[in-house]
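Rule-based calculations on the coordinates, nothing more; no lab input. The structure presented is a predicted model; accordingly, all values stated were derived computationally and were not measured. Ideal geometry is used to build each Cβ from the backbone, glycine not excepted, and the neighbour counts take in all protein chains shown.
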Amino acid sequence: MSVTTETRAALVPELAGSASRRAPKDARVPIAVGSTGVLLLGAIYCLLPVAWVLIASTKDASELFSTFTFAPSTHLWDNIVDLTAYRDGLYWRWMLNTALYAGIGAVISTYISALSGFALAKYVFPGKATVFRILLMGVLVPGVILAIPQYLLLAQVGLTNTYWSVLLPQLISPYGIYLARIYAAAAVPTEIVESARTEGARELYIFHRIALPMMGPGLVTIFLFQFVAVWNNFMLPYIMLGDDRLFPITVGLSGLLNQGASLPAMYTLVITGALLSIVPLIALFLMLQRYWRVDLAAGAVKA
Amino acid sequence: MTATVDAPRGDTTPAPRHPLAPRSPKGPKRRRAKGALTPWMMLAPGIVLFTVFMAAPIFYTLALSFQKEQVKGLGLGGDSRTREFAGLENYVSTFSDPEFLASVGRVLVYGLILVPTMLGLALLFALLLDARRTGAKGFSRVSIFLPYAVPAVISSLLWGFLYLPAVSPFYWIFEQLGWDDVPSLLSPGLVIFAIANIGLWGGVGFNMIVMYTSLKAVPSDIYEAARIDGASEVQIAWRIKVPIIMPALIMTALFSMIATLQVFAEPMTLRPLTNSLSTSWSPLMFVYRDAFTRDDIYSAAATSIIIALATFAISFLFLRVVQRRAFGQED
């Protein structure tokens, strides 16, 4: 996984640069109560379910249905212990699976997108326009519609119900390639590529050592997009996997909820599981917030 | 484990058309003949994965959608079932299935509820974030964007509990107020709003960020000029900001419409909590049931193609807007 280090290296200058770029606050303008209030209402609406799950996961099974919704209790640790005990730590296995599908999957996918995007942006070759047009059509094909035929095809080679069946179909991201092309075109000056070539650098060396770091911030955005896409894709693992030891969190929790219909004690496990699964995600989002500068209209990622 | 990714074995790499083919005059002068292979090598992993996991499934679905299974004799024994050409039979039966039409109708209503509400609120929030006199911007921006990190299954699960009268804080409030007969949001007539609310919660922040980003790209001296001319902040928002970010609004609208057509995870997750959701509530649930519960992959294939074509029809606009704007800066 040489990609991870490349991406991290590219992250550092961005982190340093963005702090100074932030505009100074204009203290002279008085704050309007109305607009601030409306915005805060929106924030409260968005935080409400998160606050609820935080409190609900501290309750035991009987308190969940009897005490006031937002009255916290003291059973968070017990619930985590119960969840961990559930079928010998199956939940934590789901967590690791999710990290594999979404994390590793998105890293590889970003690398492939970067490679393709760089080739499309910086080389002139016959057939380029056709290749790009075909890939671009892929942006419009909704992944969920592919899930069933992908299942049927993978079933023929006996790959369903394996890690590969969820990982492989999500390595290709036409939208990622599309973004990477825009990003390579904007961030990698052709003259630098040319002069490296004159000095005898190999093409792949140019890509890895010169282009990738320059595309860094854009690649983080592509990674985040792909990460969210995989993490959000419920249908593909739901169809592909039968063995619950291979499940990602989403499919696993939805199965637990199904059992809850007949076994209400499951609800506390589901709620605690939901809380623990969104904590790392929220942390990742807060850390990488600045990379979400997306202008869909220009198709551009602003750095 | 990266073998499949790193080694595309070079077999499907299409050859460059021909060395004698006219070369673009813009191309670097010193490119040698062997250099022409480089971009294809770089594109190879993408092209192989695209072919195997996108193009092949599409053609396979297309082929399946024109076939049917024919049972010969008593249907016993391995060879008694054969595939036959069915023409448009599967398409006709999908279009004449009242359950499919009902699911399409539900999704259209769902989209009509969700898309305008979500984009209206996203625009309002983006404009407020961009307004000079709004406070607590950082906190609000992060809070509203946060649900985007929560996958649809988890958010449906959280809201599902918040809708349950025994757990919900809203019903607790209603009880205190003495309103006993407030209908459950999970009842048949209201469940569509319950699902739309989950979509709204998950999507409003992302769309807000997209709009806010394009607002930030506008040079602020335009607004200064308007202020000097005596325009109010509301006038500036409506007359200047909204028209300027119109392309972003069109894009977010198209993406949101495409997403509503594919609603699947939310109703699937809510099903254990309510009796109001049928197994064919949305078109994708209908496809899923055909393929896996009824084992009729041919009919499921035809329905998938119909949904894909509907998506293409909507997305066609997207391409036309995007292509013109995106590639100005390239050589």
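Summary of computed values
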read-out: Average partner coverage of A:47-57, which counts Cβ from other chains inside 10 Å; value: 4
read-out: Cβ-derived FRET efficiency at R0 41 Å, B:A310 paired with A:R245, nearest 0.05; value: 0.65
read-out: Where labels lie 7 Å past Cα in the beta-carbon direction, separation of B:L62 and B:L190 in nm; value: 4.7 nm
read-out: Estimated FRET transfer efficiency (A:F65, A:V33; beta-carbon r; R0 25 Å; 0.05); value: 0.05
read-out: Semi-axis lengths, Å, the range B:80-204, gyration tensor of Cα atoms, sqrt of 5 times eigenvalues; value: 38, 24, 14
read-out: Inter-label distance for B:S96 and A:E194, nm, one decimal - labels placed 7 Å from Cα along Cα-to-Cβ; value: 6.6 nm
read-out: Shielding of A:91-104 by partner chains, average beta-carbon count, 10 Å; value: 0
read-out: Pairs of Cα atoms farther than 28 Å apart, the range A:31-165, %; value: 56 percent
read-out: Centre separation in Å (Cα based) which lies between the range B:125-139 and the range B:202-223; value: 11 Å
read-out: Among A:237-243, A:265-271, B:176-182, B:99-105, the order from most to least packed when residues are scored by Cβ within 10 Å on average; value: A:265-271, A:237-243, B:99-105, B:176-182
read-out: Counting all C-alpha pairs of chain A, share separated by more than 26 Å (%); value: 58 percent
read-out: Cα convex hull of the range B:91-326, projected area averaged across orientations, nm²; value: 16.5 nm²
read-out: Burial order of peptide ranges B:248-255, A:152-159, B:131-138 (average beta-carbon count within 10 Å, highest first); value: B:248-255, B:131-138, A:152-159
read-out: Dipole magnitude of the range A:53-187 about its Cα centre (Cβ charges: Lys, Arg +1; Asp, Glu -1), debye to nearest 20; value: 880 debye
read-out: Given charges at Cβ of Lys, Arg, Asp, Glu: the range A:79-301 dipole, positive-most of A:M215, A:Y291, A:V188; value: A:V188
read-out: Electrostatic dipole magnitude of the range A:79-301 [Cβ: Lys, Arg +1; Asp, Glu -1; Cα centre; debye, to 20]; value: 360 debye
read-out: Chain A - mean residue ellipticity at 222 nm from DSSP helices (-39,500 (n - 2.57) per run, n ≥ 4, rounded to 500); value: -21500 deg cm²/dmol
read-out: Rounded D (µm²/s) - the range A:46-120, Kirkwood Rh over Cα pairs, Stokes-Einstein at 37 °C, 0.692 mPa s; value: 212 µm²/s
read-out: Spin-label pair B:E224/B:L37, simplified geometry with 7 Å Cα→Cβ offset, distance in nm; value: 5.8 nm
